[in-house]
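Remarks on the structure that follows.
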Amino acid sequence: MTNFRKVIFLEEHCNYNDDDDLSGRIHDGAKALAASRRMCVGLETSGEYSVEAEVLCLVLTNAVEVHDKDGRSLGVGVYDVPFSWVNHSCSPNASYRFCTASYSGRISESRICPAATETGAAGIESESISSNPELQKSMLVIGGSETCGPKIILRSIKGINKSKEVLITYTDLLQPNVMGQSELGSKYGFSCCGKRCRAMPTTYIDHRNLNFKF
């Protein structure tokens, strides 16, 4: 699933002077990625970067932020369709968590991209796997390649009837609505129009959530 076509259409109307513009950031990131790829194989830089833009859109649309047990961000992961197609809701009926994958001798297709914590050359933020013990536990290096990432577990938190959509929240529901909407806009390019977000006053409480038992 990708929003590539929508973003490409928006690129014709976006203002690249706006650092917060999603399509502008994809535009700039795709150009940099294309230039880096061509440089690695000794080719001259060209103005074509549609493939790189589509890849970035795929990641933005389907990736999820990976956290350790203390809630610290480790990076982003892209999982298969059963999870990556789960949509957002401000009144979710499911939640997810991560658990460190253990090596079973079988090569996994999971990948995790380390979170950026340091600013290096050319202003690019990076963090080495060797400097992060959580990443070391979450990723096993076999034959020189990163082959194993954290497993993601999706579970229901409410009764879900047959044929009903499984929904999770993409933001922290305990933060103010304005902050949540801003996060959805900057990270995913949409705003939530669910019952909870549209409620007046904004102190609306989903009483179904009060039945949770931890």
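The values are calculated or read from the model by the stated rules, or taken from the named source; none is laboratory data. Note that this is a predicted model, so its numbers are computed, not measured. Every residue, glycine among them, receives a Cβ derived from its backbone with ideal geometry; neighbour counts consider all protein chains shown.
Scanning the range 158-197 for residues being out of contact with any helix residue (DSSP H, G or I) (no Cβ under 9 Å at 6 or more places or on another chain), farther than 16 Å from residue 92 by Cα and surrounded by 14 or more Cβ atoms within 10 Å (Cβ to Cβ) gives a total of 2. Among the residues of the range 148-202, those that are β-branched (Val, Ile, Thr) and over 17 Å from residue 97 (Cα atoms) comprise 160, 178, 202.
If you filter the range 54-105 down to residues that are aromatic (Phe, Trp, Tyr) and either modelled with pLDDT of 80 or more or under 15 Å from the mean Cα position of the chain (by Cα) (or both), you find that the one that is nearest to residue 191 (Cα to Cα) is 85.
The residue list 78, 59, 55 contains one member that is of a type in the set (Val, Ile, Thr) and under 16 Å from residue 97 (Cα atoms), which is 78. Any residue in the range 24-53 that is within 25 Å of residue 189 (Cα to Cα) sitting within a Cβ distance under 8 Å of a residue that is assigned to a helix (DSSP H, G or I) and among the basic types (Lys, Arg)? List the pairs, counting only those 6 or more apart or interchain. What qualifies is 49/31; 52/31; 52/37.
Would you tally the residues in the range 54-83 being among the β-branched types (Val, Ile, Thr), part of a strand (DSSP E or B) and free of Cβ contacts under 8 Å to residues at least 60 places away in the same chain?
So the count comes out to 2.
In this structure, residue 34 does not qualify as modelled with pLDDT of 80 or more, surrounded by 13 or more Cβ atoms within 10 Å (Cβ to Cβ) and within 26 Å of residue 159 (Cα to Cα).
The condition of being at pLDDT below 90 and closer than 24 Å to residue 21 by Cα holds for only one of 191, 186, that being 186.
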